[in-house]
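Read through the structure below, which is laid out as C-alpha cells, and then see the notes.
None of the figures in this text is laboratory data; all of them are computed from the coordinates on show. Please read all numbers here as calculations on a predicted model, not as lab measurements. Backbone-built Cβ (ideal geometry, glycine too); neighbour counts: all protein chains shown.
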Amino acid sequence: MPGWSSQAILQRLTSQPAGNSSVSGVSPCHSMLGTATSVLKRAASQNVKVKGRGDTLNLFHPCAEMLFTARRGVCVVCSLYNERELLMIPGPTMVSPRVLRALSKPVLSHVSKEFVEGFAEALELQKRLFMTEGTPFMLSGSGTLGMEAAIANLVEKGDKVLCVENGFFGEKWEEIVEAHGGVVDRLRFEWGEALDLKLVEEKLEAGDYKAFTVEHVDTSTGIANPIDRIGELAKDTDALYIVDSVCGIGGMPLKMDEWNIDLCLTGSQKAIGAPPGISLFCLNDRAWEAVEKRKTPIADYYANLKRWKPIMDNPRGYFATPAVGMVLGMLEALRLIHEEGLEARWRRHRVFSEAFRAGLEALGLASFPAKGYEAHTLSVPRIPEGVSDPDLRGLMRLKYGVIIAGGLGKLAGKTVRVGHMGNATTNDILATMGALEMALMELGYEMEPGAGVGAAEKVLVTHGTEA
C-alpha cells in the first residue's frame with residue numbers, strides 16, 4: 001500500500017463531524033482522534049508518509065496505536081488484535097492465574113469466618129516472607145503508604161533522620177520525613193553508585209538519629225544496596241533501621257531479624273506477584289517500643305499503627321474495612337511463594353538477572369548500576385546512541401507485544417527498565433530479549449542477530465533453570 005499523506009489525513013480527520021465514519025480509506029474512531037491528530041501533526045511537520053496495513057488505514061481501531069519512527073521518516077500504524085501483552089516493567093508485574101481466580105471470587109464479608117481465617121493465614125505467611133518474628137501489617141495502599149506509616153509512627157517533630165540515597169526512591173524519603181516534622185540529614189551518592197559503607201558508619205556514629213532509611217533496590221537505577229552489611233552497622237546504633245524493599249523482597253534475600261532491620265516495607269505488585277493495592281510492612285519489638293513510647297500523638301489517622309495492631313493480632317476486630325478481595329489475592333500469591341520455597345525463588349530471580357545481563361552485554365548495552373550491585377529483580381540498560389526511548393519502547397510494544405518501562409527522573413530518555421521478577425518465566429526472559437534485539441535492529445542499531453538471546457540461553461541452560 002502506498003504511503004498516505006499525513007497532511008491529507010489530517011485535513012480529512014479535522015473536517016469530519018464526530019461519529020462520521022465515511023472518510024474514504026480511513027477507519028476512524030473519534031475517541032482516539034486527539035492522540036492520532038497529535039502524532040499526525042508531527043508527521044506532517046516533517047512531510048513524511050504514513051504507512052498502514054491492508055487496504056484501509058486503521059488509525060483509530062480501538063486496539064490501534066501509533067508509532068513515529070523518526071529515523072525512517074515514517075509514521076507507522078500498528079493494530080494489536082491480540083490482547084495478550086507481555087508486561088516486563090519493574091511493577092506492576094504479571095499475575096498468576098491462581099491469584100486471578102482468587103480475585104474473581106464473590107466478595108466476602110470482612111467479618112466472615114472464611115475471610116478472617118484467610119487474613120490470619122496471609123499475615124503469618126507475610127512474617128515468613130520477611131523472615132521475622134515481628135508484627136506484620138497488611139493495609140490497603142501502595143509501598144508509599146508503608147513509607148508514610150514508618151515515618152508517621154516512628155518519627156516525632158524535631159527528630160533527626162538520616163536518609164541514605166543513591167536513586168529516585170531514596171530521595172523520596174526526604175519529603176515524607178519533612179512532612180512529619182522530622183529533620184533530614186542526607187547522605188547522597190550518585191544515582192546507581194555503590195554506597196560507601198564507611199561513610200554510612202561515620203554518619204551513624206556522629207549523628208544523634210532517631211532512624212535511618214535505606215533502599216534495598218532502587219528501581220530508578222536497578223541498584224541493590226547491601227542491606228545485610230548495613231545491618232551489621234545498625235546493631236551498634238540506637239537509630240531505627242528502616243528498609244524499603246518494594247522491589248526486593250520476594251525476589252532477593254531479605255532476613256529482617258538476622259539483619260537487624262527494625263521496620264521493613266514492600267508492596268504487593270512487584271516480586272510478590274500480586275496486583276497493586278496492598279502495602280505490607282513488619283515492625284520488630286524495638287520499633288514497636290518506639291511507637292509505644294512516643295511523647296506526642298501520631299499525626300495520622302489511617303496510618304496510625306496503634307489503631308491497626310489489634311486487627312493484625314486478631315483479624316476478627318475492626319478499625320476500617322480491609323480490601324477483602326485483594327487480601328485473598330495476596331494470600332494466594334504468598335502461598336505460591338512458599339510453595340516454590342524462598343531459596344528456590346531467590347535462585348530463579350538471580351539466574352534470570354544473570355541471563356538478561358548476559359544478553360545485554362552481548363548486544364553491547366551497558367548496565368546503569370555499579371557492577372556487582374545489580375538487582376536481581378530488574379535490569380536498567382543505557383539506551384544506545386542514535387536510538388530514541390519512545391521509538392524503542394513503542395516498537396517493542398506495538399510490533400512485538402512486549403512492554404518495558406522508560407527511565408525515571410533524570411534518567412528519562414537515557415535508560416530503559418526491564419522487570420524480570422515475580423511470576424516471570426524462562427520464556428518471558430527470552431521473548432523480551434528477542435523483542436529488544438529486533439526493535440534495536442529495526443531502529444538501525446548494529447548487532448549480530450540473535451546474540452542477546454543466545455547469550456541469555458547459555459546462562460539459562462548452564463543453570464538448568466525450569467520455570
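Are any of the pairs Lys270/Lys458; Lys210/Lys255; Lys210/Lys309; Lys113/Lys157 more than 32 Å apart by Cα-Cα distance, and if so, which? Numbers along the way, then the final one.
Numbers: Lys270/Lys458 26 Å; Lys210/Lys255 22 Å; Lys210/Lys309 22 Å; Lys113/Lys157 41 Å.
As for pairs spanning more than 32 Å Cα to Cα, those are Lys113/Lys157.
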Please report, in whole Å, how far the alpha carbons of region 366-447 spread along each principal axis, starting with the longest. 31, 30, 23
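Can you tell me the FRET efficiency between Arg286 and Glu114 if r is taken as the Cβ-Cβ distance and R0 is 35 Å, rounded to the nearest 0.05? Intermediate values should be presented prior to the final figure.
Numbers: r = 35 Å, r/R0 = 1.00.
With R0 = 35 Å, the Cβ-Cβ based efficiency is 0.50.
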With a Förster distance of 41 angstrom and the Cβ-Cβ distance between Glu258 and Val184, calculated FRET efficiency to the nearest 0.05 equals 0.90
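Computed from the mean reciprocal separation of all distinct C-alpha pairs, what Kirkwood hydrodynamic radius does region 97-340 have, in Å? Don't skip to the answer; put the middle values down first.
Details: mean 1/r = 0.0551 Å⁻¹.
In region 97-340 this quantity evaluates to 18.1 Å.
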Could you work out how far apart the two model spin labels at Asp238 and Lys295 are, taking each label as a point 7 Å from the Cα in the direction of the beta carbon, and quote it in nm? 1.2 nm
Rounded if a/c is under 1.5, else prolate if a/b is larger than b/c, else oblate: which is region 250-289, with a ≥ b ≥ c the root eigenvalues of its Cα gyration tensor? oblate
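Plugging the Kirkwood radius over Cα pairs into Stokes-Einstein for region 138-282, at a temperature of 10 °C and a viscosity of 1.306 mPa s, what D comes out in µm²/s? List each step's numbers first, then the result.
Numbers: Rh = 14.9 Å.
It diffuses with D of about 106 µm²/s by this estimate.
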Expected unfolding gain across His338-Ser96 under the 0.36 nm per residue rule, minus the alpha-carbon gap, is 85.7 nm
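Can you give the extra length, in nm with one decimal, that the chain gains between Arg229 and Val107 once fully stretched, where that is 0.36 nm per residue apart less the Cα-Cα distance?
Using 0.36 nm per residue and subtracting the Cα-Cα distance, I get 39.5 nm.
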Label point distance in nm, Glu385-Glu202, each placed 7 Å from Cα along Cα→Cβ: 3.7 nm
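At a threshold of 8 angstrom on Cα-Cα distance, excluding pairs fewer than six apart, so keeping six or more, what relative contact order does region 341-463 reach in percent?
Relative contact order for region 341-463 comes out at 34 percent.
Under the 0.36 nm per residue contour assumption, what length would be gained going from the current alpha-carbon distance of Glu448 and Phe319 to full extension? Intermediate results must be reported in sequence, preceding the final value.
Values: separation 129, 0.36 × 129 = 46.44 nm, distance 5.99 nm.
Gain in length upon complete extension: 40.4 nm.
Can you classify region 78-137 as rounded, prolate or oblate using the Cα gyration tensor, where a ≥ b ≥ c are the square roots of its eigenvalues, rounded means a/c under 1.5, and otherwise it's prolate if a/b beats b/c and oblate if not?
Numbers: a/c = 4.11, a/b = 1.65, b/c = 2.49.
Judged from the Cα gyration tensor, region 78-137 comes out oblate (a/c at least 1.5, b/c at or above a/b).
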What is the pair-distance distribution P(r) of region 299-440, computed from all Cα-Cα distances in 5 Å bins starting at 0, with each bin given as a whole percent? 2, 8, 15, 16, 14, 10, 10, 10, 8, 6, 2, 0
Listing Thr462, Thr93 by rising number of other beta-carbon atoms within 10 angstrom, fewest first, gives Thr462, Thr93
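Beta carbons within 10 angstrom, averaged per residue: use that to sort the peptides 357-366, 106-115, 159-168, 317-326, highest first. All intermediate terms of the calculation are to be shown ahead of the outcome.
Working: 357-366: 19.7, 106-115: 12.4, 159-168: 22.7, 317-326: 15.2.
Packing order, densest peptide first, comes out as 159-168, 357-366, 317-326, 106-115.
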